[in-house]
């Protein structure tokens, strides 16, 4: 425009003045030149416009890594969750008969409840590290740091290191955040042996074998701040874990993963409240060793071209604890040997029968096994009982980011009592694209 | 013949070198790698034509394959947002080649709101439906491969030149064949064809999905039917991996032909490589027009 406008103006201005002196032919030439100028100018303009349009179409310079975080740095992920709970038994006296409680157990409060909401922030720190932080916002207005870790991204030979606070890689379900579980609550075995879910402060080293078959080895060391360990002030380790997982595809539509894990911790002064044989509430304390074995397996069938799927998963947990138990710490305070060998597990199937609908069934079981209390057997029960629970769920997933779930469970964790539990839950995920974890 | 000789020479000159391992997110990029690198590289394809590349889980087999990859070749533009970053975290980060970064994208959303469905901030990622895109992508990918194996750079250049020449010739042939498709009105199941529409001059008059990635409900389909009756299209297009229910529903009510396009290599019996992919795509479109 600026290049042509003055010229065109000058030409136009010069036209009327010499008009009387020029012939008709000259005028024709001038008119033709002007038209030519105009058309050249229009072509230039069109070209500019099309170049502008192309420039607008072009994406911003893409980074090398295929992360979804093109606009957000760090990625922010918020999970909103709430539940309506209807229980036929009072949750205040919830316990799992024969299992010393720890961590978060039980079905939660009755009525409308906010469940755990989560706020997560994550980003690459530099070319070597990635950082991630997840706050858990509890319904009682407390905020806790669920995970806060750094993770190496560029270690060679299939190695990766995590340091900070993270969910342990033992078993299958443990590493997955609660909002990705297929049922409202953790399986009974997870509640009894891991206090719901085991996370610790420490380091984790994972090694992925260079084989076609997926083979991953994990080693963890931590302070053991959570059940089954206890927070303690010492230089050494409070917990350690080993895990080995393998998996692959079976043909076009099926895949599986399985593994074994081992979690060792040395609780010092783990306390809990329990009713003695006389029915009075007393506090007990345990110091000793805790060794937990886990075996996990998951199989998925995801036929191609259809948005239906089936998955079957199960885990088996076996725990051995030995040490000394102090009965009634506030009163008698009698200490003696304490030894338990207990086990449990769950088996579940989830069928996605329509793209947005899934139905699932889970069976939980526990075995109180052997409980040796020494002289404390005079005051404490060592019941032989098999707590069990059956859960049935139906959920609706209108999109990848939202889920509404109805779950009915018959809980027989308390000897002689059956708790019929009904949950209606929502889980919403905002922000960063949720990962399609296996 | 010259290429063949060069190849033979190169095969002889570096026999002991371990083959490059390429992790391709979608079959079209696996096919392109094969065009540009021949049989010397090992290519693992993470998804098949019958799978929606968005709805894939980070399966153990994918993690294991990623672990051994020297280069990851993907569409990008968030198509693999659900699983690729996770695989890269589990298997250690790898160099990633994003095809979508090599071409201008269409449908870049003016606003990012999940109420609009599964929108991709970078633009529509289904770039493989326009064969013209393969020229800049092949050029950049060939350079990338040559960077990984500098001692074979000459061979990569030769292979690329050969591919580009064959592709140019094919493009001319396809554009001649596709002339009758210019201006044809279509209905699409998913907003998966904007690049092909632009290439062939097809006119999209309706979309069966109310929002990207959302299954159409009865109310929305009724609206589409009304729209279609007002502005009658000639064809209904869907990708081979998509369920045909919604398209068949509309076809029954309107008598229109449904064209299931291979969409990527392996999406139909005939689509065995990049060339036959577009041959078959055009054959199907032209056959449905008759």
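Observations on the structure shown:
- Residue in the range A:314-326 that is over 34 Å from the mean Cα position of the chain (by Cα), surrounded by fewer than 16 Cβ atoms within 10 Å (Cβ to Cβ) and assigned to a strand (DSSP E or B) present: yes
- With respect to the conditions (1) outside any helix (DSSP H, G or I); (2) surrounded by fewer than 20 Cβ atoms within 10 Å (Cβ to Cβ); (3) in contact (Cβ under 8 Å) with a residue 40 or more places away in the chain; (4) away from chain A (no Cβ under 14 Å), residue B:106 falls short on a single one, namely (4).
- Members of the range B:235-264 that are assigned to a loop (DSSP other than H, G, I, E, B) and surrounded by 19 or more Cβ atoms within 10 Å (Cβ to Cβ): B:241, B:242, B:256, B:262, B:263, B:264
- For residue B:137: the one exception among (1) touching a residue at least 12 places away in the same chain (Cβ under 8 Å); (2) surrounded by fewer than 20 Cβ atoms within 10 Å (Cβ to Cβ); (3) part of a helix (DSSP H, G or I); (4) within 13 Å of chain A (Cβ to nearest Cβ): (2)
- So residue B:37, is it touching a helix residue (DSSP H, G or I) at 6+ places or on another chain (Cβ under 8 Å), crowded, with 23+ Cβ neighbours inside 10 Å, more than 9 Å from chain A (Cβ to nearest Cβ) and more than 23 Å from residue B:192 (Cβ to Cβ): yes
- Screening residue A:382 with (1) away from chain B (no Cβ under 14 Å); (2) free of Cβ contacts under 8 Å to residues at least 24 places away in the same chain; (3) not in a strand (DSSP E or B) gives one miss only, at (2).
- Selection within the range B:53-79 - under 23 Å from residue A:245 (Cβ atoms), within 7 Å of chain A (Cβ to nearest Cβ) and part of a loop (DSSP other than H, G, I, E, B): B:56, B:57, B:58, B:59, B:68
- The range A:202-239, subset within 14 Å of another protein chain (Cβ to nearest Cβ) and in a loop (DSSP other than H, G, I, E, B), residue farthest from residue B:67 (Cα to Cα): A:213
- Residue A:156 vs. criteria assigned to a loop (DSSP other than H, G, I, E, B), more than 12 Å from chain B (Cβ to nearest Cβ) and over 16 Å from the mean Cα position of the chain (by Cα): no
- In summary, residue A:255 fulfils each of the numbered conditions (1) within 14 Å of another protein chain (Cβ to nearest Cβ); (2) surrounded by fewer than 20 Cβ atoms within 10 Å (Cβ to Cβ) with the single exception of condition (2).
- In the range A:389-433, residue nearest to the other protein chains (Cβ to nearest Cβ) [restricted to those that are touching a strand residue (DSSP E or B) at 6+ places or on another chain (Cβ under 7 Å) and in a loop (DSSP other than H, G, I, E, B)]: A:401
- Residue in the range B:204-217 that is surrounded by the most Cβ atoms within 10 Å (Cβ to Cβ), counting only those that are free of Cβ contacts under 8 Å to residues at least 24 places away in the same chain and away from chain A (no Cβ under 14 Å): B:207
No lab work stands behind these numbers, since they all come straight from the coordinates. Because the structure is a prediction, the values reported are computed rather than measured. Methodologically, a virtual Cβ is constructed for each residue, glycine included, from the backbone with ideal geometry; neighbour enumeration extends over all protein chains shown.
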